[in-house]
1. Within the chain, what's the longest run with no GluC sites (Glu not before Pro) in a DSSP loop and at most 16 other beta-carbon atoms within 10 Å? Give the range, please.
2. I'd like the trypsin sites (Lys or Arg not before Pro) in the stretch 1-74 restricted to DSSP loop residues with at most 13 other Cβ atoms within 10 Å, sorted by number.
3. Each residue of the stretch 18-25 in turn: what ³J(HN,Hα) in whole Hz from Karplus with 6.51, -1.76, 1.60 and θ = phi - 60°, glycine and Pro shown as x?
4. For the stretch 222-293, which chymotrypsin sites (Phe, Trp or Tyr not before Pro) pass both filters: DSSP loop (anything but H, G, I, E, B) and at most 16 other C-beta atoms within 10 Å?
5. How much of the accessible area of the stretch 5-297, in percent, comes from carbon and sulfur atoms when a 1.4 Å probe is used?
6. Report the chymotrypsin sites (Phe, Trp or Tyr not before Pro) located in the stretch 6-63 that are in a DSSP loop and have at most 14 other Cβ atoms inside 10 Å of their Cβ, or state none.
7. Using modelled backbone amide H atoms (1.01 Å from N, in-plane), which distant-in-sequence or interchain residues come within less than 5 Å of residue 114's amide H?
8. Please compute, over every Cα-Cα pair in the chain, the percentage with a separation greater than 24 angstrom.
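The values are calculated or read from the model by the stated rules, or taken from the named source; none is laboratory data. In this text, all values refer to a predicted model and were calculated from it rather than measured experimentally. For neighbour counting, all protein chains shown are included, and Cβ atoms are generated from backbone atoms with ideal geometry for every residue, glycine included. Ligands, DNA and RNA are stripped out before the accessible areas are found, and what is left, the full protein with its side chains, is counted by its heavy atoms. Shrake-Rupley method; radii C 1.70, N 1.55, O 1.52, S 1.80 Å.
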Amino acid sequence: MSGLHVLILGSAAGGGVPQWNCRCPVCSLFWVGDSRVESRTQSSIAVSADGVRWLLVNASPDIRQQILATPFLQPSNGSRHSPVEAVALTNADVDHIAGLLVLRERQSFTVYATGQTHDILASNPIFNVLSPDVVKRSVMNMDAPFDTGIGLMVRPFAVPGKVALFMEQGQDVRIGDVTETTIGLEVSANSKRLVYIPGCAAIDEKVRLMASGADLLLYDGTTFTDDEMPKLGLSDKTAHRMGHTPITGTGGSLGAFGDLFIGQKAYIHINNTNPILIDGSTERQMVEAADWGVTRDGMKFLL
Ligand code: MLT
Ligand code: MN
Ligand code: ZN
């Protein structure tokens, strides 16, 4: 069926839900078998115009498990085949690039990323497992729409961001610069528009402009409050320091798009500490009352 197909492969932030070593309130509920918290893999979506050829946006370390759970993405003809024809990256975070290592085995596809993200891949020789004679690396330029050749148009745009955590060493870390470090993507087909922004340090006018009129906005739902991790004693980092917008509080996302016409809005890249992950929680009710959905792995949208 034509339209714009969007599959939520992974709805969690780095670490997933539960995180392997975490006993925060949300993870603890999962560990004791409380059905209000379901497991979630790390953030990735698949998009298609025809339901046959797919673009992955970000390749999470959980991609193998995500493909096992998603018949659309499984090989279906010949001795070697994959419906995944391209992978676009929104930044170089581990949860978004490590899955590329799983996609080796001489399968041909295109990796779309900014020049800066390509430089990070190029400087880590482990990514040479994606042999250059079969995997094409294509540079995305900001605000320059391009045709993926599989029926999807993609328009990348820079958002306020931060370098990947593993690149922070020895740097004076700048938060919120609008550069090619962290981008959002508009993916469109058949007159439908998805706007995908899994990481964003601040909601500026450009972010709002891009989100405006989207049939579906999938947005950074990392934490509910800015001080969520410090308050739980898990990290001294606020959402802002991690390069993310909290859902509530100053600069929060909950009300930041409320005056715009947007078909559907849903949070993705949700950290395991976020109480919206608990079915029926006050925080979950609060986001739903503000017209935001909470993505789950395996969710499908047909726009
Ligand atoms: C993030 O979203 O802030 C990063 O994925 C953190 C990380 O790399 O662990
Ligand atoms: Mn992340
Ligand atoms: Zn946790």
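1. Longest site-free region, per DSSP loop and neighbour criteria: 169-303.
2. Values: sites: 23, 36, 40, 53, 64; in loops: 23, 36, 53.
Filter output for the stretch 1-74: 23, 36.
3. x, 7, 3, 10, 10, 10, 5, x
4. 261
5. Values: 6260 of 12220 Å².
Result for the stretch 5-297: 51 percent of the exposed heavy-atom area is carbon or sulfur.
6. 20
7. Counting only residues 5 or more places away or on other chains, the set is 140.
8. Numbers: 22132 of 45753 pairs.
Every Cα pair in the chain considered, those over 24 Å come to 48 percent.
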